[in-house]
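Each reported figure results from applying straightforward, stated rules to the coordinates on display, with no laboratory input. If you're wondering where the values come from, they're calculated on a predicted model, not measured in any experiment. Cβ atoms come from the backbone with ideal geometry, glycine included; neighbour counts cover every protein chain shown.
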Amino acid sequence: MRLLLIALGGALGTSLRYGVGKLSAEQAAGAGWFPSGTFAVNLLGSLLLGLLFVLGEGRSLLGVDLRLVLGTGLMGGFTTYSSFNLETLRLLEAGQTGRALLYVAITLGSCLVGGALGLALGRQLQP
């Protein structure tokens with residue numbers, strides 16, 4: 001049952017991602033150099049996942065099921081950057097600045113390389 005609830009949360013998150021991204025891109029149509037839709041989604045997702053994490057600590061305000069649906073499902077479908085952000089902040093809060101910086105560098109570098117490889121592969125596969 002939890003898996004179904006998480007999947008439904010993910011479906012809602014991806015729909016919201018599309019809507020927020022489209023609206024943000026339309027609002028910033030003159031600033032084509034800046035990916036405003038993705039930026040808005042990632043910023044909002046980071047804020048919301050941080051909020052959900054704190055509200056769910058110790059199960060004080062949110063039960064486990066609701067936390068999974070909202071955090072893993074909804075925010076997972078909305079953006080994965082929010083998870084990256086929260087993990088980095090938790091390392092910093094734990095005083096592990098070096099690990100946090102390394103995590104940021106490895107994640108950003110790897111994702112950029114992976115994205116570049118994906119673009120190159122996609123271009124190779126085109127007729």
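See the values below:
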read-out: GNM top mover of Ser46, Ser83, Ser15 - the chain, alpha-carbon springs below 10 Å; value: Ser15
read-out: Dipole of the chain, positive end: most advanced residue of Ala7, Leu91, Leu62 [Cβ charges, Cα centre]; value: Ala7
read-out: The chain: most fluctuating residue of Gly19, Gly109, Gly77 per GNM, C-alpha cutoff 10 Å; value: Gly109
read-out: For the chain, built as a Gaussian network whose Cα springs stay under 10 Å, the top-fluctuating residue of Leu91, Leu49, Leu70; value: Leu91
read-out: Of the DSSP H helices in the chain, those whose Cα atoms cover at least 15 Å axially and whose Kyte score averages 1.0 or more; value: 36-56, 97-125
read-out: Label-to-label distance, nm, for residues given as Gln27 and Glu87 (7 Å Cα→Cβ offset); value: 2.9 nm
read-out: Nearest-20 debye value, the chain charge dipole, Cβ charges on Lys, Arg, Asp, Glu; value: 160 debye
